[in-house]
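Undergrad: For reference, the structure I am asking about is given below.
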Amino acid sequence: MRCAETGYNLEIDLATGNIEKVETDPKLTELHLGGLGYNVKLFWDRVPPETKAFDPENLLIFSSGLLCGTPAFSFNRTCVTTISPQTELLAYPMMGGFWAAELKYAGYDRVIFRNKSPKLVYIYINNDKVEIRDASHLKGMGTVEIRDILKKELNEPKVSIAAIGLAGENRVFTASIEQGRSSASRLGGGAVMGDKNIKAVVVRGTKDINLARGEEFIKHVNKVGEYIKFRNENPLKGVMTILSGIGSPQEMKHTDEKWHTENFSWGNARTRRRDFWTDEINQSWSSTQRAAIKRYISCFNCPQQCGALISYKDVPRFKQKCFTKLTYSMAAYVDNLEFNFRIAQRATEYGVDGFSTPQILAFAVELYEAGILTDKDFEGCPPDKEGRFNWLLDRVVRREGIGDILADGTYWAARRIGKGAEAFDHNTIKKHEQLPLKLGMMDPLYFLMYSTNEKISITQIEGNWPQAPFPTKEMREEFVKDWPQLPDDHFKQYFLDWEPRGENSNPYYPTPDMCSEIVDWMEEIHNIDDALGLCCGMGSFCLKPPYHTHNYHLLVSSATGLDIDQVGLKKIVNRSRNLHRAYNVLKGMRRADEKPPQDHWKKRFPELEEQLLDTYYKYKGWNMEGIPTKEKLLELDLDYVAEDLERRGILKDGQN
Amino acid sequence: MAKIKKKIKSIKVNADKCNGCRSCEIICSNFHATPKYSSINPARSRIQVILDPMTDIWLPVFAGEYTPAECMGRGKYVIDGKEYDDCTFCRASCPARDRFKEPDSGLPIKCDMCEENDPGQPPLCVQWCYNEVLIYEEREEEVEEEVRLDEIEIGLESLVDKYGFQKLVDSIARMSQKGSSL
Ligand code: SF4
Ligand code: SF4
Ligand code: SF4
Ligand code: SF4
């Protein structure tokens, strides 16, 4: 009997229509767990590195995490894994919601799509009954409106639906996969889904998931639950409200946006609006937000409520979470929040990433203002800011006119447009739009998180370590007193000695050695979350989370029955992490790509930055190009990877 | 029948606050698994969250008595601009629908206030609803003494309704001859 996982994959060949339920090898779970870890292994084994995003050989995997569907709180992530059209690397946009758990109840750990369907279809998985169904009547339909139609058509109100909108159908590089409350938005998963001609994947499941040692498991979960309650009742002191709690950023609840509006340079990341948050704005934004939110909603088995049902004036209802609340208004330089709710509703129906897309639209406006794009490109565009953004969004999702170029994202669009447009692509890493940070001093921890992680989305930059030093020694002492999440007590000293100014401050403190330890730990937690299917808001993405390095393994072992301790778990995720890196190395990624956007920080330190990379690579067991060394690979039982890298001349024997 | 004093257990449902997390469904099914906590399947839960997000309906409903026949006429309610049909609030395991039936056997399920597995403690769904939608209350009432059927009897009753008494007896006889473990 398989525990925690179902032990089955669903393999669907879209070209032939062949559907197979395949029992998985338990050994693979022992080596890679589930979610991201397992998917990376599938890519390594089955997808040649030359494969491009829109080649039929590219797989599109919808995977649950190892603990999804169990009673452990907040394990609900669907890990979509595919080659990104934008970065051309192995990407894994993730989403919360209900889909992953439902898939497991249907009896599968993941669905693996290969090849392309000759016509638009949707997939209906109802326990053992799996069908590829015609979707021609759903063409062009929005990701929200499609939900009720499918539920009626299938006569199943309890299905989970992951769907693309017009953007995905048209292979827009920032197309998302939408699930009602949540979406897998980053890096173009929706574009690959559209390329494969899948409009939606609909799941309903009513089967059991087993737990190896249920009583023990539930005891651990109850302890986590107690801590969740404690953290909800006791927000952290000494940090901004938004960082004081657990869960994803509570953007639907918080109304004070001084920090996010004034410290990021929304638009396309050139200017910061330092005096934006006036009393007047505060009042108008708060009341608009309160009027728009009908109900707070959560993901599967999570006590937090990061999402909301939006019901605003005549705007058709939709659900929202996180920063899509304000990204469009800020990027368009429209000072009211109403505009954001209006355009976000349309963007959600179209199915586009709420981080990248507003930046792309702003990028177009900037190019127009700079005379690089012309009236001809903007023919028919209304002159006002709101109208212009709406018009541009419509062009992008339809790939019409200039929209066709913009639909590839700022990096590729800048290169296609030329005429100096490249200079306006100043907020991408590895060709992907980033959070439009614009801060004073380079931050060594962020620098490493940003540069070196394969996630390439906003969640990669934040971890369990506070974003800034605390001003007084007393506050620091107070903070470290109760910090069981740390992997080791000596980290506390790093924090105690970290000061806002002087010798022990950014960018030279924490030192590159300390940064390596801290970042390695934070990254490991991200990788654990992504393999187990935990929302990073309850693990890797917030301060003092309920799940941490000292309790994951207890849940994993009691749920699965596998004999995995803390060290063992670390090794497993480290193995998958290095396999992922090796795969991306085969796809061409090198040190030169690991650079945060040029103007992220006003003061940069080229020498220190190189030193940070050197030190961190060494710490990770990578060579100076960021490639895992043979020694490291052997240590992680990745002999076959070392052989492959050697055969291709990427690793040279003796020189690593 | 004689009047007796009885502790009535009830759960108040503040549906306006429900966020649809389904934790109540998960823990109910997990708690009632055999052995306890050994598996999860929300479809077996004795509480089901009825969802119609775009109309803002998030409504946890508990499984009640088994009924052999569906209601004759059914109406609709409009409350606060939201439309519900009669069955939405109904606790019955009823031939009109799949709700409150074991997914494999179709046998009726019924909320037992978590009495059978762990008497005395607050119901598990209440403990796991961190948003305080489900509030546990106890009160004393004078009620008429009644004969309650246990779970097996209710299950058998539903099978009798579905297949007829004789068929059921025949099947049980056949199965016991084959040495099937009932
Ligand atoms: S913390 Fe928020 S985003 Fe994360 S699982 Fe819970 S409700 Fe979903
Ligand atoms: S579910 Fe309830 S209300 Fe509906 S028909 Fe059955 S008994 Fe009547
Ligand atoms: S009270 Fe117990 S049996 Fe009834 S629904 Fe809640 S958890 Fe299930
Ligand atoms: S646990 Fe509470 S909030 Fe969650 S679905 Fe059940 S009743 Fe609603």
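Undergrad: Considering only residues that are open to solvent by 10 Å² or more (accessible area, probe 1.4 Å), outside any helix (DSSP H, G or I) and closer than 19 Å to A:THR615 by Cα, which ones fall in the stretch A:441-453?
TA: Correct list: A:ASP443 only.
Undergrad: Within the stretch B:67-88, does at least one residue satisfy the condition of being within 16 Å of ligand 3 (Cβ to nearest atom), of a type outside the set (Lys, Arg) and touching a residue at least 12 places away in the same chain (Cβ under 8 Å)?
TA: No; the residues of the stretch B:67-88 include none that is within 16 Å of ligand 3 (Cβ to nearest atom), of a type outside the set (Lys, Arg) and touching a residue at least 12 places away in the same chain (Cβ under 8 Å).
Undergrad: If you check B:TYR136 against the conditions, is it among the aromatic types (Phe, Trp, Tyr) and touching a residue at least 24 places away in the same chain (Cβ under 8 Å)?
TA: Considered against the rule, which asks whether it is among the aromatic types (Phe, Trp, Tyr) and touching a residue at least 24 places away in the same chain (Cβ under 8 Å), B:TYR136 comes out as yes.
Undergrad: So which residues in the stretch B:139-154 are in contact (Cβ under 8 Å) with a residue 12 or more places away in the chain and either within 16 Å of ligand 3 (Cβ to nearest atom) or among the basic types (Lys, Arg) (or both)? Reasoning before the result, please.
TA: Within the stretch B:139-154, the first condition is being in contact (Cβ under 8 Å) with a residue 12 or more places away in the chain, and the residues that meet it are B:139-146, B:151, B:154.
Those that are in contact (Cβ under 8 Å) with a residue 12 or more places away in the chain and either within 16 Å of ligand 3 (Cβ to nearest atom) or among the basic types (Lys, Arg) (or both): B:ARG139, B:GLU151, B:ILE154.
Undergrad: Here's something else I'd like to know. Being in a helix (DSSP H, G or I) and open to solvent by 50 Å² or more (accessible area, probe 1.4 Å) narrows it down to one residue among A:GLU20, A:GLU30, A:GLU88; which is it? Before the answer, list the steps.
TA: Values: A:GLU20 fails: in a helix (DSSP H, G or I); A:GLU88 fails: in a helix (DSSP H, G or I).
Step by step, each of A:GLU20, A:GLU30, A:GLU88 is checked, and only A:GLU30 is in a helix (DSSP H, G or I) and open to solvent by 50 Å² or more (accessible area, probe 1.4 Å).
Undergrad: Follow-up question, since we're still on this one. Where in the stretch A:234-309 are there helices (runs of 4 or more DSSP H), lying fully within it, with 3 or more residues that are among the polar types (S, T, N, Q)?
TA: Answer list for the stretch A:234-309: A:279-292.
Undergrad: A further question on this structure: Taking A:LEU36, is it in a helix (DSSP H, G or I) and crowded, with 24+ Cβ neighbours inside 10 Å?
TA: For A:LEU36, the condition - in a helix (DSSP H, G or I) and crowded, with 24+ Cβ neighbours inside 10 Å - is met.
Undergrad: Is it the case that A:ARG231 is open to solvent by less than 10 Å² (accessible area, probe 1.4 Å) and either among the β-branched types (Val, Ile, Thr) or within 14 Å of chain B (Cβ to nearest Cβ) (or both)?
TA: yes
Undergrad: Does B:CYS111 fit the bill of being within 16 Å of ligand 4 (Cβ to nearest atom), closer than 21 Å to B:CYS87 by Cβ and either buried (at least 18 other Cβ atoms within 10 Å of the Cβ) or more than 14 Å from every other protein chain (Cβ to nearest Cβ) (or both)?
TA: yes
Undergrad: Still on this structure, please answer the following. Name the residue, out of A:LEU496, A:LEU534, that is more than 15 Å from the chain's Cα centre (by Cα) and in the same structural domain as A:LEU613 (by TED's automatic domain parsing).
TA: Selected residue: A:LEU496, the only one of A:LEU496, A:LEU534 that is more than 15 Å from the chain's Cα centre (by Cα) and in the same structural domain as A:LEU613 (by TED's automatic domain parsing).
Undergrad: Any idea how many residues of the stretch A:402-430 are modelled with pLDDT under 95 and open to solvent by less than 10 Å² (accessible area, probe 1.4 Å)?
TA: 2
Undergrad: Oh, and also: Those residues that are modelled with pLDDT of 90 or more and either of a type in the set (Phe, Trp, Tyr) or touching a strand residue (DSSP E or B) at 6+ places or on another chain (Cβ under 7 Å) (or both), I need them from the stretch A:455-484; list them, please.
TA: Residues satisfying the conditions are A:TRP465, A:PHE470, A:PHE479, A:TRP483.
Undergrad: Any residue at all in the stretch A:203-210 that's touching a Phe, Trp or Tyr at 6+ places or on another chain (Cβ under 8 Å), in contact (Cβ under 8 Å) with a residue 60 or more places away in the chain, open to solvent by less than 10 Å² (accessible area, probe 1.4 Å) and closer than 30 Å to A:GLN86 by Cα?
TA: Yes, there is a match, as at least one residue in the stretch A:203-210 is touching a Phe, Trp or Tyr at 6+ places or on another chain (Cβ under 8 Å), in contact (Cβ under 8 Å) with a residue 60 or more places away in the chain, open to solvent by less than 10 Å² (accessible area, probe 1.4 Å) and closer than 30 Å to A:GLN86 by Cα.
Undergrad: Identify all residues within the stretch A:140-157 that are away from chain B (no Cβ under 14 Å) and either farther than 17 Å from A:ILE177 by Cβ or open to solvent by less than 10 Å² (accessible area, probe 1.4 Å) (or both); write none if there are none.
TA: A:GLU153
Undergrad: So which of B:CYS129, B:CYS94 ends up being within 12 Å of ligand 3 (Cβ to nearest atom) and either under 30 Å from A:THR70 (Cβ atoms) or open to solvent by less than 50 Å² (accessible area, probe 1.4 Å) (or both)?
TA: Working: B:CYS94 fails: within 12 Å of ligand 3 (Cβ to nearest atom).
Of B:CYS129, B:CYS94, the one residue that is within 12 Å of ligand 3 (Cβ to nearest atom) and either under 30 Å from A:THR70 (Cβ atoms) or open to solvent by less than 50 Å² (accessible area, probe 1.4 Å) (or both) is B:CYS129.
Undergrad: Looking at the stretch B:50-168, what helices (runs of 4 or more DSSP H) fall wholly within it and have at least 2 residues that are within 16 Å of ligand 2 (Cβ to nearest atom)?
TA: B:86-89, B:151-163
Undergrad: When you scan the stretch A:142-171, how many residues do you find that are without any contact (Cβ under 8 Å) to a residue 40 or more places away in the chain and in contact with a Phe, Trp or Tyr (Cβ under 8 Å, 6 or more places away or on another chain)?
TA: Qualifying residue count, the stretch A:142-171: 0.
Undergrad: A further question on this structure: Only residues that are among the hydroxyl-bearing types (Ser, Thr, Tyr), within 16 Å of ligand 1 (Cβ to nearest atom) and either free of Cβ contacts under 8 Å to residues at least 60 places away in the same chain or assigned to a loop (DSSP other than H, G, I, E, B) (or both): list them for the stretch A:172-202, please.
TA: Hits for the stretch A:172-202 are A:SER176, A:SER182, A:SER185.
Undergrad: Condition first: crowded, with 20+ Cβ neighbours inside 10 Å, touching a Lys or Arg at 6+ places or on another chain (Cβ under 6 Å) and under 26 Å from A:CYS306 (Cβ atoms). Can you find one or more residues in the stretch A:511-524 that meet it?
TA: no
Undergrad: Restricting attention to the stretch B:9-48, and to residues there that are part of a loop (DSSP other than H, G, I, E, B), among the basic types (Lys, Arg) and in contact (Cβ under 8 Å) with a residue 60 or more places away in the chain, which single residue is farthest from ligand 4 (Cβ to nearest atom)?
TA: Across the stretch B:9-48, the extreme among qualifying residues is B:LYS36.
The values are calculated or read from the model by the stated rules, or taken from the named source; none is laboratory data. Bear in mind that the values here come from a model prediction, so they are computed numbers and not experimental data. Reconstructed Cβ throughout: ideal geometry from the backbone, glycine too, with neighbour counts over all protein chains shown. Each accessible area value is taken on the protein alone, full model and side chains, heavy atoms only, with ligands, DNA and RNA left out. Shrake-Rupley method; radii C 1.70, N 1.55, O 1.52, S 1.80 Å.
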